[in-house]
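**Q** Below you will find the structure I want to go over with you.
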């Protein structure tokens, strides 16, 4: 049996389950050091090195930022895992998000 630990995507559908948060394109400009006149906000966001998956078109091109639960180490508690992710993301922000901004996110959509 093959277990896929990353984001799953193909030509007709996409789905994932992560612990993290969602940023609209407006949020990306507000929370990250991305020039407001950039042509492609996502390209500049990629340079930050955070794990992410782009959202479906109805989310206005925002990004889900976080990590799969499959990335949790065997000797790590879920609380420690969640704190690690929040610390990793908050370290890249102009102003940190509150704990309430983070959650488990699962999305699936079909383009057909």
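**Q** What residue, among those in the stretch 81-94 that are loosely packed, with under 12 Cβ neighbours inside 10 Å and more than 13 Å from residue 23 (Cβ to Cβ), is modelled with the highest pLDDT?
**A** For the stretch 81-94, the residue satisfying everything is 87.
**Q** Could you list, in sequence order, all residues of the stretch 33-46 that are part of a loop (DSSP other than H, G, I, E, B) and surrounded by 15 or more Cβ atoms within 10 Å (Cβ to Cβ)?
**A** 34
**Q** From (1) modelled with pLDDT of 85 or more; (2) in a helix (DSSP H, G or I); (3) within 15 Å of the chain's Cα centre (by Cα), pick out the condition that doesn't hold for residue 30.
**A** (3)
**Q** Looking only at the stretch 95-108, how many residues end up being touching a residue at least 24 places away in the same chain (Cβ under 8 Å), over 13 Å from the mean Cα position of the chain (by Cα) and either in a helix (DSSP H, G or I) or exposed (fewer than 14 other Cβ atoms within 10 Å of the Cβ) (or both)?
**A** Taking the stretch 95-108 and keeping what is touching a residue at least 24 places away in the same chain (Cβ under 8 Å), we get 95, 97, 101-108.
In the following step, the residues that additionally are over 13 Å from the mean Cα position of the chain (by Cα) were identified as 95, 97, 108.
Of the ones still in play, those that are also either in a helix (DSSP H, G or I) or exposed (fewer than 14 other Cβ atoms within 10 Å of the Cβ) (or both) are 95, 108.
Residues that pass the stated criteria total 2.
The values are calculated or read from the model by the stated rules, or taken from the named source; none is laboratory data. What you see is a predicted model, and the numbers here were worked out from it, not measured in a lab. Virtual Cβ from ideal backbone geometry, glycine too; neighbours counted across all protein chains shown.
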